[in-house]
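Each value in this text was obtained by applying a stated rule to the coordinates, not by laboratory testing. This structure is a prediction, so every number in the text was calculated from the model and none was measured. For neighbour counting, all protein chains shown are included, and Cβ atoms are generated from backbone atoms with ideal geometry for every residue, glycine included.
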Amino acid sequence: MNTNIYHMEQGFTDRKALEELKIGKLKKQIQRVYDNSPFHKERFDLVGFRPEMLKRAEDLKDVPFFDKTQERASQAESQEKGYTALGMHIVCDPRDVQRISSTSGTTGNPTFTGYTQKDSEVTAEIMRRAMPIMNAKPGDIVMHAFVLSMWIAGVPVADIMQMAGLCVVPIGGTSGAERFAVTARSVMPKQLNCTPSYAVWMAKELQNKYGIDPAEFGFERVLLAGEPGGSIPEVREEISKLWGGVKIYDGIGAMHSSFFSSFNCDHNTGLHFLAEDFIHLELIDPATGEILPLEDGVSGEGVYTALDKECAPAIRFRSGDRFVLRRGQCACGRDTLRYHVEGRTDDMLLVRGVNVFPAAIKAIVSRFGDHGVTNNMRVVLTSKPPVQEPPLEVRVELAADLPEEATKELAAEMSAVISKELRFKCQITLQANGTLDAFQQDKNQKQQIFIKEY
Ligand SMILES: [Zn+2]
């Protein structure tokens, strides 16, 4: 594994060497996929693409995209044939797969992801790069409070953190506040890993049910993942305060490339993409598929090609995540690609032709924290997404009771800000505290964002 291309404090300092390394890996990977996967060969042949046509990274434009729907179909076919759960598109020998994880399956049957030894090693290397970004030292004790069973953020991430040098306490996401408190007091952890909604819920459980101030455990940082909240300043602030002024880091992965690929630093200038030598990132216009330039301020859907992944590498895999790119050296000294996640293209709604991301609504709602609302909100769908008729109803929880007149005024004010900034008509309904389940979740403990009323 080539790791000297990345400098821990400065990032990718030699862009030319990086590009050379990447094109070499890309050619090798495309050839490997073509030679070892009849599934991919057929797809390439269908559009007349042959591996030797790939001379520059740009030539990847002639390789067909792959996405979640195709993946699901490929896995259904493979399972039906009694081949492997991982799909017709796997490239390695199924006997080399050491672990199978799955998604939650909220939008259908779960999909499965497999990792070989090398696949885990690559992710551990990316995790090692994240350690100085998070001010983490080898041996730091980490309470890992993601749901362990099947979920990628569960056991696989616990393992790579261990490989990166951290000491992992796999408490899981379902142990309850009492066990959490007993464990935290005993092991003296420095880091907590969990979803944003878990961080808020657990802190409140500890305070309200057991009279425990989470600050007493002495956590120095919380690493958030699995939900968009980790990139919203107000959500981060709330979590930091609840846990005693801890630093907040947000980590996100790249589908079928690496569990984690990007983290924010203390300067919060976007997520540092630490895996450029392992993952080829493209930004595309989600409507036309056209490749967009990787320039500062450009917004598009992230598309991944995994350069080292052995099992079922992402080959132009459409992530469904919409990024806004940031270029230039960050104040932390690292020169890497950086990006903000604008939202999931899956979650995107169309209100009278305007693209609406629930994460963007949540970011505005969060700003009203000192006006008496919590970060807990839902978007009400009155017809099958993405198209919704205005006004789009957003239900937001009040932190405490407000007089009726004040409630009305606040709702009107919030609606006005959302309508003005996001350019669609919105109607805010404020609900009493406790009437919007703060921890309504799917199987992976991710907070639900929609209420279906159609
Ligand atoms: Zn930075």
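Here are the numbers for the structure shown:
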item: Rounded Å value of the spacing that divides the Cα centres of the range 376-431 and the range 171-231; result: 30
item: Per-residue ³J(HN,Hα) for the range 354-364, Karplus 6.51 cos²θ - 1.76 cosθ + 1.60, θ = phi - 60°, Hz, x for Gly and Pro; result: 9, 6, 10, 9, x, 4, 6, 5, 4, 4, 6
item: Positive dipole terminus of the chain, leading residue within Pro214, Gly328, His89 (C-beta point charges); result: His89
item: Packing-based exposure ordering (other Cβ within 10 Å, fewest first) of Lys408, Lys190; result: Lys408, Lys190
item: Bridge type composition, the chain - antiparallel percent by DSSP, nearest 5; result: 60
item: Environment charge of Asp285, counting only residues whose C-beta is closer than 12 Å and scoring Lys/Arg +1, Asp/Glu -1; result: -1
item: Kirkwood Rh, angstrom, the chain [1 / mean 1/r, Cα pairs]; result: 23.1
item: The chain: angle of helix 196-210 to the longest principal axis, Cα-based, in degrees nearest 10; result: 40
item: Prolate/oblate/rounded label for the range 106-242 (Cα gyration tensor, a/c 1.5); result: prolate
item: Largest-first principal axis extents of the Cα set of the range 263-336 (Å); result: 35, 30, 16
item: Of every Cα-Cα pair in the range 349-452, the percent that sits beyond 16 Å; result: 55
item: C-alpha center-to-center spacing [the range 15-85, the range 299-333] in angstrom; result: 16
item: Formal net charge of residues neighbouring Arg99 (Cβ-Cβ distance under 14 Å; K, R +1; D, E -1); result: -2
item: In sequence order, calculated HN-Hα J values of the range 418-434 (Karplus, 6.51, -1.76, 1.60; Hz; x Gly/Pro); result: 5, 4, 5, 6, 9, 6, 9, 7, 10, 10, 8, 10, 8, 10, 4, 4, x
item: Within the chain, helix-based [θ] at 222 nm, where runs of 4 or more DSSP H residues each add -39,500 (n - 2.57), nearest 500; result: -9500 deg cm²/dmol
item: Cα lying deepest toward the dipole's positive end in the range 349-452, options Val356, Thr429, Thr407, charges on Cβ; result: Val356
item: Members of Lys362/Lys452; Lys137/Lys309; Lys209/Lys241; Lys25/Lys55; Lys61/Lys81 lying beyond 20 Å, as alpha-carbon distances in this model show; result: Lys137/Lys309; Lys61/Lys81
item: Local electrostatic count, Gly328, Cβ distance below 14 Å [Lys/Arg +1, Asp/Glu -1]; result: +2
item: Principal-axis tilt of helix 233-242 within the chain, Cα atoms, nearest 10 degrees; result: 70
item: Residue-by-residue Karplus 3J(HN,Hα) for the range 405-416, coefficients 6.51, -1.76, 1.60, Hz, glycine and proline x; result: 4, 5, 4, 4, 4, 5, 4, 5, 5, 5, 4, 5
item: Contact order relative to length of the range 349-452, as percent, for alpha carbon pairs under 8 angstrom and 6 or more apart; result: 31
item: Dipole moment magnitude, nearest 20 debye, the chain about Cα centre, only Lys, Arg, Asp, Glu C-beta charged; result: 520
item: Exposure proxy ranking, count of Cβ atoms within 10 Å, fewest first, for Arg185, Arg95; result: Arg95, Arg185
item: Cα-based helix-to-principal-axis angle, 177-187 vs the chain, degrees rounded to 10; result: 60
